[in-house]
1. Averaging sequence separations of C-alpha pairs under 8 Å and six or more residues apart, then dividing by the length of the chain, give the relative contact order as a whole percent.
2. Tell me, in nm to one decimal, what length is gained between K144 and M1 on full extension, where the rule is 0.36 nm per residue of separation less the Cα-Cα distance?
3. Amide H of N173: which non-local residues (sequence gap of 5 or more, or other chain) have their own amide H closer than 5 Å, using H built in the peptide plane?
4. With θ set to phi - 60° and the Karplus curve 6.51 cos²θ - 1.76 cosθ + 1.60, what are the ³J(HN,Hα) couplings of the stretch 337-353 in order, to the nearest whole Hz, using x for Gly and Pro?
5. Could I have the simple spin-label model distance between D152 and S346, label points 7 Å from Cα toward Cβ, reported in nm to one decimal?
6. Using the number of other C-beta atoms within 10 angstrom as an exposure proxy, rank F272, F127, F68 with the fewest first.
7. May I ask for the angle, rounded to the nearest 10°, between helix 370-388 and the longest principal axis of the chain, with both axes built from Cα atoms and the value confined to 0 to 90°?
8. Of all DSSP beta bridges in the chain, what percent run antiparallel (nearest 5)?
Amino acid sequence: MSSLIPFYQKLDVDFIRGEGCYLWDEAGIRYLDLTSGIGVNNLGFSHIELNNEIRAQIKNYIHLSNLFKNSWSEKLSDQLVKITQLHASFFCNSGTEANETAIKLAKLYAYEKDMKNPKIIVMNQGFHGRTIGALSATSNQKYKEKFGQLLDDFIFVDFNYIDQVIEVISKNNICAIMLEPIQGEGGVHIASTLYLKQLRKICDQYQILLILDEIQCGLGRTGYWFYHQKAEITPDILTIAKGLANGLPIGACLVNQAVNNLLTLGLHGSTFGGNPLACRVASKVLEIIERDELILKNKQKGEYFINQLQSKFTSVEGIKSIRGVGLMIAIELNETIDDMSQQLFSQHKILINITQNKIIRLLPSFLIEENDINFFCESLYGYIKKIKNV
Ligand SMILES: Cc1ncc(COP(=O)(O)O)c(C=O)c1O
């Protein structure tokens with residue numbers, strides 16, 4: 001029996017090695033991983049160049065206090081600023097911390113504007129993390145109901161319905177709108193380009209901050225560096241984390257110049273945030289994504305993946321919808337199939353994640369190849385046919 005607090009339901013397997021998009025267990029059996037640590041191991045396991053960066057850095061030091069200049073965090077910030085067209089970055093250690101930072105900045109913005117009872121618009125089915133602020137902005141009641149009074153700064157609206165946003169703005173003092181351009185945990189729901197453009201316009205019109213959480217859908221996964229770039233908009237605040245350092249803990253909150261102008265010494269901080277090890281690896285991750293043209297390849301691989309799924313499953317009983325962008329894909333089932341992840345794991349040696357009980361969420365590594373995609377489609381088809389007895 002493990003002494004870990006059972007917050008997670010875990011597969012009973014000890015993976016001892018990983019390479020690319022595969023993991024191996026103690027018996028030497030290979031598994032195709034379509035979860036990538038929930039969107040973290042974007043460049044796969046045991047990436048040689050990233051391992052070399054880690055080795056080189058630990059010879060010097062792992063941690064350096066934020067009291068000293070740190071050229072790796074400066075370099076990473078410059079790279080991110082260039083990619084996002086934003087102005088400055090703050091580094092922390094996780095997605096939820098990046099969102100805590102964004103929420104604090106929205107509250108600061110309201111304070112500086114002397115707003116009475118300011119509120120932040122957030123989305124139904126949205127997920128922003130598990131700390132109190134980010135949890136308050138998250139819609140799933142199951143995650144919130146036992147924790148008493150959370151922050152009352154948030155008003156929830158339906159994702160992709162601009163009229164609801166307009167109505168809430170007409171009745172409240174809104175300082176920010178916060179959303180994931182593609183809702184991950186909620187089941188891969190995609191904001192329309194029109195909706196993103198309309199949100200930007202409304203935020204400009206009413207001087208509201210647009211906060212985009214691209215913690216799951218950002219960093220090249222969707223065939224764009226950041227999915228909002230498809231709509232040719234720029235947020236005021238952007239949060240990222242997960243795959244940034246391919247597995248070393250890191251998060252970032254990026255801001256535009258106007259928000260940056262509000263920020264002063266000592267207003268926020270993090271002991272580990274911006275540590276040179278994570279920043280050095282993250283800097284290399286960005287270089288590799290660019291050098292190897294992975295964004296374009298993700299777009300092409302995603303199109304291939306979705307085509308394969310659609311041609312195989314469109315008329316299969318039990319499949320409600322197939323959707324996605326790039327390598328962020330959902331297969332929604334009509335009903336929960338108990339034990340599905342366990343069965344795909346034990347029978348087919350495939351690792352998947354299921355969200356909202358009946359949505360298979362695929363977040364493969366950027367290194368996935370067509371033969372892996374074909375193998376998954378065949379295996380899933382065989383499995384579903386078997387349980388449906390067709
Ligand atoms: C969109 C989004 N925001 C925030 C988070 C929280 O990130 P973390 O688990 O690193 O705190 C997640 C994690 O799944 C996420 O998908």
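1. Details: 722 pairs, mean separation 88.2, N = 390.
Result for the chain is 23 percent.
2. On the way: separation 143, 0.36 × 143 = 51.48 nm, distance 2.83 nm.
Gain on stretching K144 to M1: 48.7 nm.
3. Close amide H contacts, sequence-distant or interchain: K119.
4. 3J(HN,Hα) across the stretch 337-353, in whole Hz: 10, 4, 6, 4, 4, 4, 5, 5, 5, 7, 8, 10, 6, 10, 10, 10, 10.
5. Those two pseudo-labels are separated by 5.0 nm.
6. On the way: F272 17, F127 26, F68 6.
Sorted ascending by nearby Cβ count, the order is F68, F272, F127.
7. Here the helix axis deviates by roughly 70 degrees.
8. Approximately 65 percent, going by the DSSP bridge assignments.
All of the numbers you see were taken from the coordinates with simple rules; none came from a lab. Small disclaimer: the values here were computed from a predicted structure and weren't measured. Methodologically, a virtual Cβ is constructed for each residue, glycine included, from the backbone with ideal geometry; neighbour enumeration extends over all protein chains shown.
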